[in-house]
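Read-outs throughout are calculated quantities, based only on the coordinates presented, and are distinct from any laboratory measurement. None of these values were measured; they are calculated from a predicted model. Because the Cβ atoms are built from the backbone with ideal geometry, glycine has one as well, and the counts that use them run over all protein chains shown.
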Amino acid sequence: MEESMAFTGFSPMTVRFFKDLARHNSKEWFEQHRDEYETTVLSPAKAFVTAMGERLRREVPNIRAEPRVNGSIFRIFRDVRFSKDKSPYKTNLGIYFWQGNRSRWECSGFYFHLEPPILLLGAGVYKFSPHLLDRFRRAAADPETGDELVEIISAIADLKGYTIGGKAYKRIPPGLDAPSAEAAALLLHGGLWAGVEVPIPDVFYSPQLIDYCSKRFLPLLPLHRWLMSLTTGAFRP
């Protein structure tokens with residue numbers, strides 16, 4: 001079993017690795033720098049997942065934080081089968097903490113995304129599966145659950161630097177009547193998430209990154225909890 005280590009922060013080498021990868025995105029370059037990826041990206045990322053998971057469990061006791069690739073840490077290899085961009089590697093570090101027993105793609109969670117020169121912290125569901133999309137639309141159109149979601153989204157949108165994402169459609173699906181214009185706007189979503197994007201802060205290189213991320217995740221808890229009720233079937237509109 002791999003021994004876990006305490007999180008002491010990422011390093012400037014973490015950032016430099018992704019900057020260099022963006023300039024030299026090839027299998028040959030990556031193989032020459034695989035050890036660097038393991039030591040300056042994966043190793044601190046695993047420690048971050050463990051430490052951040054412990055912090056998130058104070059508010060979400062059963063949050064899933066799995067310090068491994070294809071667990072909380074997204075794989076660096078891109079799926080290029082259906083993409084015009086054939087670059088083989090992602091030039092970012094994605095980490096996800098999710099809640100629920102479905103696949104992580106169908107669960108609400110908290111997201112950490114490093115892509116020099118920015119850091120993005122968010123929560124929600126990036127894209128609803130077809131059955132969850134139908135359930136979301138009915139919940140958003142329901143006077144009780146829809147109004148609750150509008151209040152949550154409004155409070156987040158009022159926070160400095162936070163944005164709401166997931167809008168994917170131009171027309172409201174037929175057969176749905178929303179209780180308000182704000183709820184109607186939510187019916188245009190194919191996913192629902194909120195987050196804040198910032199230049200990589202100095203705290204990125206220290207253990208205090210856990211506190212920094214926690215402070216920015218906390219305002220997103222009401223959205224996460226609403227979406228958890230959605231994904232678990234607690235809403236029956």
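Observations
- Taking a ≥ b ≥ c as the square roots of the eigenvalues of the Cα gyration tensor, the stretch 1-129 is oblate, since a/c reaches 1.5 or more and a/b is not larger than b/c.
- Taking the charge dipole of the chain about its Cα centre, with +1 at Lys and Arg Cβ atoms and -1 at Asp and Glu Cβ atoms, the residue from 56, 209, 233 reaching farthest to the positive side is 233.
- Relative exposure of 196, 60, judged by other C-beta atoms within 10 Å (fewest first): 196, 60
- The stretch 20-116: GluC sites (Glu not before Pro) in DSSP coil with no more than 12 other Cβ atoms inside 10 Å: none
- Under 21 Å, Cα to Cα: Lys pairs in the chain, sequence gap 8 or more or different chains: 13
- For the chain: relative contact order, % (alpha-carbon pairs under 8 angstrom, 6 or more apart): 21
- Between the stretch 1-77 and the stretch 174-237, the C-alpha centres lie 23 angstrom from each other.
- Between 0 and 90°, nearest 10: helix 130-141 axis offset from the chain longest Cα axis: 50
- Option label - percent of Cα pairs over 27 Å apart computed here, alternatives (i) 39; (ii) 47; (iii) 59: (i)
- Taking 219, 130, 179 as the candidate residues, the one with maximal mean-square fluctuation in a Gaussian network model of the chain, Cα springs under 10 Å, is 130.
- Length gained on full extension, residue 221 to residue 8, computed as 0.36 nm times the residue gap minus the Cα-Cα distance: 74.1 nm.
- By the count of neighbouring beta-carbon atoms within 10 Å, fewest first, 52, 5 end up ordered 5, 52.
- Debye, to nearest 20: dipole size of the stretch 12-231, +1 on Lys, Arg Cβ, -1 on Asp, Glu Cβ: 620
- In the stretch 135-237, trypsin sites (Lys or Arg not before Pro) in a DSSP loop with at most 13 other beta-carbon atoms within 10 Å: 160, 170, 171
- Potential lengthening between residue 101 and residue 168 on full extension [0.36 nm per residue; Cα-Cα distance subtracted]: 21.5 nm
- In the stretch 104-190, the chymotrypsin sites (Phe, Trp or Tyr not before Pro) that fall in loop regions by DSSP, at most 12 other Cβ within 10 Å: 169
- Placing +1 on each Lys and Arg Cβ and -1 on each Asp and Glu Cβ, with no other charges, gives the stretch 18-116 a dipole about its Cα centre of roughly 300 debye.
- Taking a point 7 Å out from the Cα of residue 20 in the direction of its Cβ, the residues of the stretch 75-103 whose backbone N falls within less than 17 Å of it are 89-93.
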